Amino acid sequence: MTLQKNTYIDEVLAQYFPAGSWVTWVGQSGANNTTRFVSVGDDQYVLRIYETHQDEVKVEYEHGILVALAEMPLTFSIPLPVRSREGRTIVRTRDEKLAGLFRYLDGANPTLDELPEIHSFGRTVGQLSASLVQVQINQRPAYRPYYEIENTHPRCSLQDVLSFCQFPPREFSEQTADLLVIFNQLTSFLEQVASLRQLPHQLVHGDLNASNVLVNEEGIVSAVLDFEFVTKDLRVMEMAVCLSDFIQPSEEAALILAKIDAFLSGYGQTIKLTEAEIEAIPVLIQLRSLDVFIHFLGRYLDQVSTIDIVQKYIEKSAERCNWITDNKNHLITLSINNLL
């Protein structure tokens, strides 16, 4: 644990606490934002400085959802925004970046390799979904649904993405075959958007994965983190995002399917889906991979992400697409057994 003396961070924390009353350090965190852990006396906090955008309305929406969820009888913890000395949950850094402070939640990120842990994760996702459907706040969601893939990144229009996949730049010549798989998948997906719009919608977290949950010493999920991308989307999309991470084609198909079954059995304790939602699961898992690829392609074009990161997500997206093609029937059968 490395102690940090950082004037930049200190100026933010001074908006919450008396000067010099805190200690900060760098710990495990996500890649999108700047995170510092903070001790003030016997209390601990997490400071987030938003790096992906500077839209205060988006952060207000996130905080509004968290405040509403905090009033519900959840079986797990969620980050609770702390108010500054001026009574706000959002402050600005000296260079006008947005920042927020949250109560620290104890636990560790899971590996999601053991089936009981995966079952607990699925159960928590189902319980969160059941709670989010009850949340009512007087603000419009800041983010669009996943299926509106044209909104994934402002730098990447659909035509630009399709053109990139068909006629990749020279530096991506080794990914030509994978990019053709992505092109075909994206073209196929666009033909299904109209039917997807008819499926049940509700608020979803939108980015549930191992880095955004905590487990206790028994491997039971104790907290759900990072509601930055919460929005109104397909109810089944929440689950599809989670399932996409279990599809690692380097693993045996039987192990992947066992993990998916463990997740679905936990999720299905709270949530049941329609037949139409279950039929959409394979394409929505692929949509998650397409979304991530476009996100990092946009970051590469903005000169934020390096070429190797984009190449990695091109490969992962194509591999998942091929895996789903080979295992679609097994995936649907598991979903029917657990979710109808």
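The values are calculated or read from the model by the stated rules, or taken from the named source; none is laboratory data. Here the structure is a predicted model, which means the values were calculated and not measured. We place every Cβ from the backbone using ideal geometry, glycine too, and count neighbours over all the protein chains shown.
Restricting attention to region 150-169, the residues being under 21 Å from the mean Cα position of the chain (by Cα) and assigned to a helix (DSSP H, G or I) number 2.
The condition (being surrounded by fewer than 24 Cβ atoms within 10 Å (Cβ to Cβ), aliphatic (A, V, I, L, M) and under 23 Å from THR333 (Cα atoms)) is satisfied by just one residue among LEU199, LEU264: LEU199. Close contacts from region 217-238, counting a first residue that is modelled with pLDDT of 95 or more and a second that is outside any loop (DSSP other than H, G, I, E, B) and of a type in the set (Phe, Trp, Tyr), with Cβ to Cβ under 8 Å and a gap of 6+ residues or different chains, come to VAL221/PHE121; VAL230/TYR61.
The residues on offer are GLU86, GLU96, GLU114, and the sole one that is touching a residue at least 24 places away in the same chain (Cβ under 8 Å), more than 18 Å from the chain's Cα centre (by Cα) and at positive phi is GLU96.
When only residues in region 170-210 that are closer than 13 Å to VAL283 by Cα and not in a helix (DSSP H, G or I) count, which is farthest from the chain's Cα centre (by Cα)? Top of the filtered list is GLU191. For region 89-102, enumerate the residues that are of a type outside the set (A, V, I, L, M) and at pLDDT 95 or above. Across region 89-102, the qualifying residues are THR89, GLY100, PHE102. Filtering region 202-214 to residues that are hydrophobic (A, V, I, L, M, F, W, C) and either surrounded by fewer than 22 Cβ atoms within 10 Å (Cβ to Cβ) or assigned by TED's automatic domain parsing to the domain that holds ILE65 (or both) leaves ALA210, LEU214. Applying a threshold of 9 Å to beta carbon distances and a minimum spacing of six or more residues, or different chains, the list of pairs starting in region 130-141 at a residue that is in contact (Cβ under 8 Å) with a residue 24 or more places away in the chain and part of a loop (DSSP other than H, G, I, E, B) and ending at one that is crowded, with 17+ Cβ neighbours inside 10 Å and small (Gly, Ala, Ser) reads VAL135/GLY64; ILE137/GLY64; GLN139/GLY64. Modelled with pLDDT under 90, under 16 Å from ARG94 (Cα atoms) and of a type outside the set (Ser, Thr, Tyr) - does that describe any residue in region 37-53? Yes, region 37-53 contains at least one residue that is modelled with pLDDT under 90, under 16 Å from ARG94 (Cα atoms) and of a type outside the set (Ser, Thr, Tyr). The residue that is surrounded by the fewest Cβ atoms within 10 Å (Cβ to Cβ), counting only those in region 224-246 that are closer than 23 Å to SER195 by Cβ and among the aliphatic types (A, V, I, L, M), is ALA240. With respect to ARG299, determine if the residue is under 22 Å from VAL125 (Cα atoms), of a type in the set (Lys, Arg) and in a helix (DSSP H, G or I). It is false that ARG299 is under 22 Å from VAL125 (Cα atoms), of a type in the set (Lys, Arg) and in a helix (DSSP H, G or I). Considering SER173, SER211, the condition of being in contact (Cβ under 8 Å) with a residue 60 or more places away in the chain, out of contact with any strand residue (DSSP E or B) (no Cβ under 9 Å at 6 or more places or on another chain) and not charged (D, E, K, R) is satisfied by SER211 alone. GLY107 falls short of the stated requirement of being over 20 Å from the mean Cα position of the chain (by Cα), small (Gly, Ala, Ser) and surrounded by fewer than 21 Cβ atoms within 10 Å (Cβ to Cβ). When region 290-319 is limited to residues that are more than 19 Å from GLU174 (Cβ to Cβ) and under 20 Å from the mean Cα position of the chain (by Cα), the one that is modelled with the lowest pLDDT turns out to be VAL304. Listed by position, the strands (runs of 3 or more DSSP E) contained in region 17-68 that have at least 3 residues being without any contact (Cβ under 8 Å) to a residue 60 or more places away in the chain and farther than 16 Å from SER84 by Cβ are 22-26, 34-40.
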